[in-house]
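S.K.: Structure in structure tokens, see below.
The values are calculated or read from the model by the stated rules, or taken from the named source; none is laboratory data. The structure presented is a predicted model; accordingly, all values stated were derived computationally and were not measured. A quick note on method: Cβ atoms are made from the backbone with ideal geometry, for glycine too, and the neighbour counts reach across all protein chains shown.
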């Protein structure tokens, strides 16, 4: 006996169906990072004509030569540039309408005043969750140009050749309460000009106590911030202010500090900053100086910085090296090291329970009357280093005796974990390189950087004869003033499996 027919499922109304399709489409698009995928998705979406923002977004994607200027970050300045459009006959007013209607689905906008300024920024408000990154040249025009959008600017880059608009930054900060990243680039400004020096005192104090900025990068201008990361690049007045005893201590959210100082007399200011790190939460410290800047006192002060985990020093001099017991990563590049400093680093490698990585890139020792290289101490420390927390040692080796020391040390390495020894050995003879490869033990990867392809091929062949796994790759080193890179080759050897 046949029963009654099943009830028919009610079809959604056109409005409900449109809302459902639009909501699902927006959710799916959150996971699409490629503009071409978004374009194809919208092209097959049913009832697209009933969703004006999505329809306008598709029209924008179809209009441009490069859809990536529309999604996932809508680069409106590039979109308004004449070269962006494949529909050259379209009017600017038509583009304004498309962008205005599509704004609800464009959650990240980028504007560049040096290319083009979208007119709608002056009179069309944004959705509350839309963010804007802006590149401008004149802070005096930001309110007139981006008046309605200024409160939603989270990233602001200012290119101000002669520091003419710096005095207006205070007002701009008030216009952009959601600002998270500030870049201020000055290439002809003077760090000693009076108006900059006057502004530094109020701005440094303001940003240390009130600002919500999370990232600051400033070039050619002294400035500081309450930030997770702070870059102080060639700014002697700010470096001096940061270390001043009268200034506040570093805020607790500051965990990464980068200092670049090309002044030969910057050592005192760097030491003053290092002393303040003893009560900070800074975990990563990167100091770049010039060849004769002595950083010994600064490193000694860091011995009482309990949070410090990563230290990078580029150029400069070290007469000694304090036992930084909390350090996990040490990177020294182009440093002049005394015998005492090298021996102290070797001692730290042997005794530290948390040091995992040491890099001595192009570091050198003034030999004087030394009969043996102090870098031999690092070869002696290698087995104990890899037997504790050590995972990687990288350094430049030009001395055959030091290479022989590493060969001897590698026979003594016994580690249950993987460890990597990387030696920049472009000046070593092939016999020394082959001896190093022959000493590879289980769990150890040896990376040798050599100068020529022929040397790399010879090492590959030797590793194969030793039943080792070997691979090579080119390494490109760019040097200032040269239009082509210096090409070297890295050969990595290890036991297979």
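S.K.: Condition first: outside any loop (DSSP other than H, G, I, E, B), at pLDDT 95 or above, touching a strand residue (DSSP E or B) at 6+ places or on another chain (Cβ under 7 Å) and surrounded by 15 or more Cβ atoms within 10 Å (Cβ to Cβ). Can you find one or more residues in region 361-370 that meet it?
M.R.: no
S.K.: Let me ask another. Assuming residue 161 fulfils every condition listed in (1) in contact with a helix residue (DSSP H, G or I) (Cβ under 8 Å, 6 or more places away or on another chain); (2) assigned to a loop (DSSP other than H, G, I, E, B); (3) over 23 Å from residue 271 (Cβ atoms); (4) at pLDDT 55 or above apart from one, which condition is it?
M.R.: (1)
S.K.: I would also like to ask the following. Within region 225-305, which strands (runs of 3 or more DSSP E) (wholly inside it) include 2 or more residues that are in contact with a helix residue (DSSP H, G or I) (Cβ under 8 Å, 6 or more places away or on another chain) and on the phi < 0 side of the Ramachandran plot? Working first, answer last.
M.R.: Values: elements: 229-233, 256-260, 284-288.
Of the strands (runs of 3 or more DSSP E) lying wholly inside region 225-305, those with at least 2 residues that are in contact with a helix residue (DSSP H, G or I) (Cβ under 8 Å, 6 or more places away or on another chain) and on the phi < 0 side of the Ramachandran plot span 256-260, 284-288.
S.K.: Kindly indicate which of 405, 441 is part of a helix (DSSP H, G or I) and touching a helix residue (DSSP H, G or I) at 6+ places or on another chain (Cβ under 7 Å).
M.R.: Working: 441 fails: part of a helix (DSSP H, G or I).
Step by step, each of 405, 441 is checked, and only 405 is part of a helix (DSSP H, G or I) and touching a helix residue (DSSP H, G or I) at 6+ places or on another chain (Cβ under 7 Å).
S.K.: Related question: So, residue 406, is that one under 29 Å from residue 291 (Cβ atoms) and buried (at least 17 other Cβ atoms within 10 Å of the Cβ) or not?
M.R.: The answer is yes for residue 406.
S.K.: In region 291-309, how many residues are within 22 Å of the chain's Cα centre (by Cα) and within 18 Å of residue 240 (Cα to Cα)? Steps first, please.
M.R.: Initially, region 291-309 is screened for residues within 22 Å of the chain's Cα centre (by Cα), giving 307-309.
Next cut, within 18 Å of residue 240 (Cα to Cα) only: none.
Matching residues across region 291-309 total 0.
S.K.: Regarding residue 70, is this residue under 16 Å from residue 55 (Cα atoms), modelled with pLDDT of 80 or more and surrounded by fewer than 19 Cβ atoms within 10 Å (Cβ to Cβ)? Talk me through it step by step, then tell me what you get.
M.R.: Values: under 16 Å from residue 55 (Cα atoms): yes; modelled with pLDDT of 80 or more: yes; surrounded by fewer than 19 Cβ atoms within 10 Å (Cβ to Cβ): no.
Judged against the criteria, residue 70 is not a match.
S.K.: While we're looking at this one, here's another question. Of everything in region 77-99 that's at pLDDT below 80 and touching a helix residue (DSSP H, G or I) at 6+ places or on another chain (Cβ under 6 Å), which residue is surrounded by the fewest Cβ atoms within 10 Å (Cβ to Cβ)?
M.R.: 87
S.K.: On the given criteria, is residue 318 under 22 Å from residue 421 (Cβ atoms) and in contact (Cβ under 8 Å) with a residue 12 or more places away in the chain?
M.R.: Numbers: under 22 Å from residue 421 (Cβ atoms): no; in contact (Cβ under 8 Å) with a residue 12 or more places away in the chain: yes.
No; evaluated as a whole, the condition is false for this residue.
S.K.: From the list 396, 418, 438, which residue is within 27 Å of residue 477 (Cβ to Cβ) and surrounded by 15 or more Cβ atoms within 10 Å (Cβ to Cβ)?
M.R.: Values: 418 fails: surrounded by 15 or more Cβ atoms within 10 Å (Cβ to Cβ); 438 fails: within 27 Å of residue 477 (Cβ to Cβ).
Exactly one residue qualifies, and that residue is 396.
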